[in-house]
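Worksheet: one structure, shown below.
The values are calculated or read from the model by the stated rules, or taken from the named source; none is laboratory data. It should be emphasised that the depicted structure is a prediction, and the values quoted were computed from it without experimental measurement. Positions of Cβ are generated from backbone atoms using ideal geometry, with glycine treated the same way; all protein chains shown enter the neighbour counts.
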């Protein structure tokens with residue numbers, strides 16, 4: 001996400017983890033031991049911390065965010081819990097996700113896609129996700145229902161499930177599941193084919 005002088009990235013400090021039905025979320029996600037997991041724009045990393053435990057010591061969590069303060073909090077929390085299978089990065093995901101090509105089994109964007117769209121960097125981020133995700137890998141997207149009121153961003157910024165599906169499908173992903181994970185949030189799960197989508201230089 002874009003960064004401006006003396007400001008935090010869009011959405012920094014906000015997390016949907018405390019809003020969702022975590023039992024339903026993890027049941028739908030169906031994470032396996034030993035996988036490689038990427039948390040895009042992870043913030044303070046509430047999702048990453050929970051997932052590190054689920055995938056076990058042979059798994060690997062990559063947590064990436066431009067917000068240095070949030071990554072610092074995550075690092076401290078991971079250290080206090082003795083988590084050994086997490087690697088954190090301060091990086092602009094619209095420029096570079098510091099993960100090897102074709103290395104990620106599951107990628108999560110938790111209530112971040114709407115910010116990327118608002119900042120007009122969603123195309124760049126999707127290009128990076130396509131680069132790092134394995135063929136047939138999973139892309140999981142958590143978003144707010146498109147309605148008025150808190151919690152969540154203003155209604156015009158929000159993305160409906162149909163908008164997310166249309167957007168992500170344009171990059172070669174196929175939606176596999178959609179589920180409600182609370183009164184304010186939904187989860188969509190996509191799988192990646194061997195993607196040959198051509199990006200322009202713009």
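Where helices (runs of 4 or more DSSP H) fall wholly inside the stretch 109-202, the ranges with 1 or more residues that are touching a residue at least 40 places away in the same chain (Cβ under 8 Å) and closer than 19 Å to residue 28 by Cβ are 113-118, 161-169. Among the residues of the stretch 153-170, those that are within 21 Å of residue 39 (Cα to Cα) and more than 16 Å from the chain's Cα centre (by Cα) comprise 153, 169. Scanning for something modelled with pLDDT of 95 or more, in contact with a strand residue (DSSP E or B) (Cβ under 8 Å, 6 or more places away or on another chain), at positive phi and surrounded by 17 or more Cβ atoms within 10 Å (Cβ to Cβ), does the stretch 107-122 turn up at least one residue? Checked against the condition, which is being modelled with pLDDT of 95 or more, in contact with a strand residue (DSSP E or B) (Cβ under 8 Å, 6 or more places away or on another chain), at positive phi and surrounded by 17 or more Cβ atoms within 10 Å (Cβ to Cβ), the stretch 107-122 yields at least one hit. Considering each of 168, 104, 90 in turn, give the residue that is crowded, with 22+ Cβ neighbours inside 10 Å and within 13 Å of residue 40 (Cα to Cα). Of the residues listed, the single one that is crowded, with 22+ Cβ neighbours inside 10 Å and within 13 Å of residue 40 (Cα to Cα) is 104.
Of all the criteria given as (1) over 21 Å from residue 190 (Cα atoms); (2) in contact with a strand residue (DSSP E or B) (Cβ under 9 Å, 6 or more places away or on another chain); (3) in contact (Cβ under 8 Å) with a residue 24 or more places away in the chain, the one not satisfied by residue 73 is (2). For residue 54, the criteria (1) over 21 Å from residue 125 (Cβ atoms); (2) surrounded by 21 or more Cβ atoms within 10 Å (Cβ to Cβ) hold in every case but one, which is (2).
Counting only helices (runs of 4 or more DSSP H) wholly contained in the stretch 1-101, the ones carrying 3 or more residues that are in contact with a helix residue (DSSP H, G or I) (Cβ under 8 Å, 6 or more places away or on another chain) and at pLDDT 95 or above occupy 46-55, 68-80.
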